[in-house]
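**Q** Attaching a single structure in structure tokens format; questions to follow.
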Amino acid sequence: MLRIVPVSLGLCLCLMAGTATADSPEKRAHALYSEGKAQLASGQFAAAVATFDRAWAVFEHPLILKKRAEAKEQLGDIEEAVADYRLYDAKLGKYKKKERRQVADQISLLTALLEKPVKVSVVTTRIGVKVAVDGGVARRTPFEEQLPP
């Protein structure tokens, strides 16, 4: 009877060790990363950003940054997307030349969007209402104006 107790105790310790590794930061981050990818694919961009934030807090893997940048880009948060792409690029290392080139192209594209003026239409429910945009001269609606991003 005494021999069974140490074997049982050893078996319990092995099972506990197995659950500890199954719940490692890498695995938790991977589960969150997968959840964020699904949210991104289904168009839940804000939820995806929040999920990728949680994944990054658990384990800092560069792919989390890339997906978070994609989600921020879809939300129209271009400045934040560029920041994430730059951090992703810095963490890639010098050996991933093809991926770094693609990221550099995406950063260039997004940066150009930030510099390009945006055409805005100002429409009101009543025609002829005077509206000033960004403290400019008041104009009667409807009208269009080019604004900096």
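**Q** Looking at Ile78, Ile127, which is the one that is in contact with a Pro (Cβ under 8 Å, 6 or more places away or on another chain) and more than 29 Å from Glu35 (Cβ to Cβ)?
**A** Details: Ile78 fails: more than 29 Å from Glu35 (Cβ to Cβ).
Residue meeting the stated conditions: Ile127.
**Q** State yes or no: is Lys37 among the basic types (Lys, Arg), under 30 Å from Ser24 (Cβ atoms), open to solvent by less than 70 Å² (accessible area, probe 1.4 Å) and assigned to a helix (DSSP H, G or I)?
**A** No; evaluated as a whole, the condition is false for this residue.
**Q** Going by the conditions given, is Glu80 of a type in the set (D, E, K, R), in contact with a helix residue (DSSP H, G or I) (Cβ under 9 Å, 6 or more places away or on another chain) and open to solvent by less than 70 Å² (accessible area, probe 1.4 Å)?
**A** No, not satisfied.
**Q** Test Ser108 against the criterion of being in a helix (DSSP H, G or I) and surrounded by fewer than 12 Cβ atoms within 10 Å (Cβ to Cβ), and give yes or no.
**A** Yes, satisfied.
**Q** Out of curiosity, is Tyr88 part of a loop (DSSP other than H, G, I, E, B) and within 25 Å of the chain's Cα centre (by Cα)?
**A** Judged against the criteria, Tyr88 is not a match.
**Q** Return the total of residues in region 57-73 being surrounded by fewer than 19 Cβ atoms within 10 Å (Cβ to Cβ) and under 21 Å from Leu110 (Cβ atoms).
**A** Residues flagged as surrounded by fewer than 19 Cβ atoms within 10 Å (Cβ to Cβ) and under 21 Å from Leu110 (Cβ atoms) within region 57-73 amount to 2.
**Q** Separate question: Run down Asp23, Asp53 and say which single residue is at pLDDT 95 or above, open to solvent by 40 Å² or more (accessible area, probe 1.4 Å) and of a type in the set (D, E, K, R).
**A** Asp53
**Q** Is it the case, given these coordinates, that Ile127 is at pLDDT 95 or above and among the β-branched types (Val, Ile, Thr)?
**A** no
**Q** Anything in region 111-149 that is open to solvent by less than 50 Å² (accessible area, probe 1.4 Å) and of a type in the set (S, T, N, Q)? List them, or say none.
**A** Passing the criteria: Thr111, Thr124, Thr141.
The values are calculated or read from the model by the stated rules, or taken from the named source; none is laboratory data. This one's a predicted model, so the numbers in the text were calculated from it and none came from an experiment. No Cβ is skipped: glycine too gets one built from the backbone with ideal geometry, and neighbour counts run over all protein chains shown. Just the protein is used for accessible areas: all its heavy atoms, side chains included, with ligands, DNA and RNA removed. Shrake-Rupley method; radii C 1.70, N 1.55, O 1.52, S 1.80 Å.
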